[in-house]
Amino acid sequence: MRKSSQRDAVWEWIRDRHDHPSVEEVCQGVRQTLPGIGLATVYRNLAALEEQGKVRSVSIDGGPVRYDPIVGDHAHFNCVRCGRVYDLMDFEVELANAGSTFAEVGRIDSYDMCLHGVCQACVDSEQ
């Protein structure tokens, strides 16, 4: 895949983020350094970064696709009140017995899981 200054700018903007931005949010952020970049270009470059294994797309309950630079297996938490999406890095899913439990489906290579609830910031704002 050909190197691109636009792809580099998208990667620079997203690589250390933990807020799972939508393509529109990525575009707004990248426009601070590349004012002329268009939404279609950002879509294309996010798709290329996903193909390269640098980001993964996260779909939550029919909302906009979000992008996550943490590509390893981990779960997400979606706040149903404010809409934020959090990484759950320490959330362990017991798949040790998956071979016997899911034998009729096939081999499991990765998982994508999202838990839904109210985040602590929203809970605190209620008090």
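The values are calculated or read from the model by the stated rules, or taken from the named source; none is laboratory data. These numbers were taken from a predicted model, which means no experiment stands behind them. The area values use the complete protein model at the heavy-atom level, side chains included, leaving out ligands, DNA and RNA. Shrake-Rupley method; radii C 1.70, N 1.55, O 1.52, S 1.80 Å.
When DSSP beta bridges are limited to those with both residues in the chain, what percentage is antiparallel, rounded to the nearest 5?
Details: 8 of 13 bridges.
So the antiparallel bridges in the chain amount to around 60 percent.
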TODO: With a/c under 1.5 counting as rounded, go ahead and sort region 18-85 into rounded, prolate or oblate using the C-alpha gyration tensor (a ≥ b ≥ c being the square roots of the eigenvalues; past the cut-off, prolate if a/b is larger than b/c, else oblate).
DONE: oblate
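Sort 115, 46 by accessible area with a 1.4 Å probe, largest first. Spell out each step's value before the answer.
Details: 115 60, 46 0 Å².
Final ranking, largest accessible area leading: 115, 46.
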Task: Karplus (6.51, -1.76, 1.60) ³J(HN,Hα), θ = phi - 60°, over region 61-69, in Hz, Gly and Pro reported as x - done: 6, x, x, x, 5, 10, 10, 10, x
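Can you tell me how region 7-50 classifies by the Cα gyration tensor, rounded, prolate or oblate, using a/c under 1.5 as the rounded cut?
It is rounded, given that a/c, with a ≥ b ≥ c, falls under 1.5.
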